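Since the structure comes first, as structure tokens, the remarks are kept for the end.
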Amino acid sequence: MDGRYKWVFWGAILVAAAATFGAYKLLAANRSASRVTTQFVVVASRDIPEGAPVDRLALTTRQYPVSAVPVGAFTSVDSVAGRVTRVNIFNGEAIVPGRLAPIGSGPGLELKIPPGQRAMAVRINDVAGISGLVQPGSRVDVLVTIKEDDSNKQIAKLFMSNMQVLSVGTEVQRDASGKPINATTVTLGVTPEESERLAIAMNTGAIQLVLRGYGDPDNVRTKGATSTDVLSQLKGTSTVIPAPAPAQPRRIVYRRLPPPAPESATVKVYRGTRADPLKFDTAGIKH
């Protein structure tokens, strides 16, 4: 082979090798750019109710893209097992500190009490408890029925509205004959001032809960109802609508018309001692 062609051959081989190496580097760079960095995150493998201790079997780990990892998410099952949930945690949800009670907290009602409030139990009967329809998380109004001072007249008033039900339970009591009965107790979240008023209402009157509809946050302002109001309504005095006043008859005014003008006029003309009547029409024409 001629020396000139030998250099051309080896030059072509070098150019091909360089092109192959460059293509390889370019493909590797694209592959590394498309690779997503992931991180293990602790998630719930089943629903965990509010206020319950977290069982290790209820946890698992799952790979999340680093950019999608929730802030503060736990990466180790050991750091979550044994903690108590502050709210409901659903299957597949990432565990974050806001879902858990502080370290060392035990399961109980304390976790459900909103900041600044207290838990107060109210003993009511099944009818006053809406026959079991009041459940934890419901919103109710508190109705008190009480007697007025030095009279038998009763008054009912909604004096607390939009109260949160923290828990519902039963306690065993005994009636006058000693037979055990179940009395329903409802625990409400109240402020310290509300707890004082509620205690007075329970000791001096009868308490009843009024269940509110979902998404109805408005406070209620009523004037209250007394036994007199109820009796008046039963007698019909409060529902009678006064009849409208009868319509006054129309007065017809009659006007007297002037007498018609005479069609003729008679004039007497005296000639000496004789009077001759002359008759004229209204136009002054002599007849």
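State yes or no: is ALA58 in contact with a Lys or Arg (Cβ under 9 Å, 6 or more places away or on another chain), among the aliphatic types (A, V, I, L, M) and buried (at least 17 other Cβ atoms within 10 Å of the Cβ)? The answer is yes for ALA58. The single condition among (1) in the same structural domain as VAL190 (by TED's automatic domain parsing); (2) free of Cβ contacts under 8 Å to residues at least 40 places away in the same chain; (3) of a type in the set (A, V, I, L, M, F, W, C) that VAL122 does not satisfy is (2).
When you go through SER167, SER195, SER161, SER151 one by one, which is the residue that is in the same structural domain as ARG118 (by TED's automatic domain parsing) and at pLDDT below 80? It is SER151.
Taken over the stretch 77-93, the residue count meeting the criterion of being among the hydrophobic types (A, V, I, L, M, F, W, C) and either within 29 Å of the chain's Cα centre (by Cα) or not assigned by TED's automatic domain parsing to the domain that holds PRO53 (or both) is 3.
Being more than 27 Å from THR37 (Cβ to Cβ) and loosely packed, with under 14 Cβ neighbours inside 10 Å narrows it down to one residue among GLY92, GLY116; which is it?
Values: GLY92 fails: more than 27 Å from THR37 (Cβ to Cβ).
Going through GLY92, GLY116 in turn, the sole match is GLY116.
The values are calculated or read from the model by the stated rules, or taken from the named source; none is laboratory data. Please read all numbers here as calculations on a predicted model, not as lab measurements. Neighbour counts are summed over all protein chains in view; Cβ atoms, including those assigned to glycine, are modelled from backbone coordinates with ideal geometry.
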